[in-house]
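As structure tokens, the structure follows; a few thoughts come after it.
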Amino acid sequence: MMLTLIGLGLYNEQDLTLRGLDIARKADSLYMELYTSKWFGNLKNLENIIGKRIKILRRDDLEEKSKNIVEEAIEKNIVIFVLGDPLIATTHSSLILDARKLGIPTNVIHNASIMSAIGETGLHMYKFGPTITIPFPEKTKGKLPESVYETIKMNRSRGLHTLCLLDVIAEDEKYMTPNEAMEILLNVEDKRKESVFNQETEIVVFVKAGGNSSIVFGKVKDLLNKSYETPAVLIIPGILHFTEREFLEK
């Protein structure tokens, strides 16, 4: 028996790979998590394509009760559909580890993720430093973690780009907007952090990667009050190669 993680890609059920579809059709039980991003697919359509029912998992099903699903794979072929690529989130890596500790074979069917889709902006992939997540203020008592600014500062000092993932509370269908993210980064008490991110900072707003995507490039002061769809990410460029700047400006 086996535990298989299958990437759903970035947009809808049509992003499922043929290999993933074949494995899903042979599985005994199918699960799906939708809490890490926004999915534009239709669950019924996906179930019809596969010919099986799919159970939706909540965050705590994978983070606190994952043992139940992993142990089910001792006697059954279990599939968990994951938005994007299965192993971008550490939660999913821990599922693989837990299964291997029990001697359960594992399989991973990869797919597109935001980590690969950012190439659409024209920025060079090898020039990205560590990624950060900008959390909703209510999760951090209104104070952005120091590590967020430190990571941006470190990346910029090395000329590297910073991918900023925006927080999601999927159960409430709440997705952080680029405007909210910019406001959070601007709203600092320590004036020294203004050198890291301020109204003059150039940023890239990348919206709906994998779908009807749009890319906006400019200074924070010019982009702050524009309207954006979700999901989206921010990218704070490091030193731009002339080909990167040309791509963004075109």
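The values are calculated or read from the model by the stated rules, or taken from the named source; none is laboratory data. Just so it is clear, the structure is predicted and the values come from calculations on it, not from any experiment. Don't worry about glycine lacking a Cβ; one is built from the backbone with ideal geometry, like all the others, and counts go over all protein chains shown.
All but one of (1) over 17 Å from the mean Cα position of the chain (by Cα); (2) touching a residue at least 12 places away in the same chain (Cβ under 8 Å) hold for Thr91; state the number of the condition that does not hold.
For Thr91, the exception is condition (1).
With respect to Arg19, determine if the residue is closer than 21 Å to Ala117 by Cα, of a type in the set (D, E, K, R) and not in a loop (DSSP other than H, G, I, E, B).
yes
Within region 9-53, which residues are within 17 Å of Ile69 (Cβ to Cβ) and not basic (Lys, Arg)?
Ile23, Ala24, Ala27, Asp28, Ser29, Leu30, Tyr31, Met32, Glu33, Leu34, Tyr35, Thr36
Per-residue answers, yes or no, for (1) buried (at least 18 other Cβ atoms within 10 Å of the Cβ); (2) assigned by TED's automatic domain parsing to the domain that holds Leu83; (3) at pLDDT 95 or above:
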position: Leu8; (1), (2), (3): yes, yes, yes
position: Leu30; (1), (2), (3): yes, yes, yes
position: Gly41; (1), (2), (3): yes, yes, no
position: Lys44; (1), (2), (3): no, yes, yes
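Which condition from (1) closer than 21 Å to Thr121 by Cα; (2) part of a loop (DSSP other than H, G, I, E, B); (3) in contact with a helix residue (DSSP H, G or I) (Cβ under 7 Å, 6 or more places away or on another chain) is the one that Leu144 breaks?
Among (1) closer than 21 Å to Thr121 by Cα; (2) part of a loop (DSSP other than H, G, I, E, B); (3) in contact with a helix residue (DSSP H, G or I) (Cβ under 7 Å, 6 or more places away or on another chain), the lone unmet condition for Leu144 is (1).
Within the set of pairs 6+ apart or on separate chains, which have a first residue in region 104-125 that is in contact (Cβ under 8 Å) with a residue 40 or more places away in the chain, a second that is of a type in the set (Ser, Thr, Tyr), and C-beta atoms under 7 Å apart?
Going by the 7 Å Cβ cut-off, the qualifying pairs are Asn107/Thr4; Ile109/Thr4; Ile109/Thr17; Asn111/Thr17; Glu120/Ser213.
Per-residue answers, yes or no, for (1) more than 19 Å from Ala170 (Cβ to Cβ); (2) among the aliphatic types (A, V, I, L, M); (3) part of a helix (DSSP H, G or I):
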residue: Glu47; (1), (2), (3): yes, no, yes
residue: Leu62; (1), (2), (3): no, yes, yes
residue: Ile80; (1), (2), (3): no, yes, no
residue: Pro86; (1), (2), (3): no, no, no
residue: Thr91; (1), (2), (3): no, no, yes
residue: Ala99; (1), (2), (3): yes, yes, yes
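Given the conditions (1) under 18 Å from Ile6 (Cβ atoms); (2) not in a helix (DSSP H, G or I), report the number of the one that Ile74 does not fulfil.
(1)
Looking at (1) over 18 Å from the mean Cα position of the chain (by Cα); (2) under 30 Å from Leu83 (Cα atoms), find the lone condition where Thr201 falls short.
The one condition Thr201 does not meet is (2).
Checking Asn107 against (1) touching a Ser or Thr at 6+ places or on another chain (Cβ under 7 Å); (2) surrounded by 18 or more Cβ atoms within 10 Å (Cβ to Cβ), only one condition comes out false. Which one?
(2)
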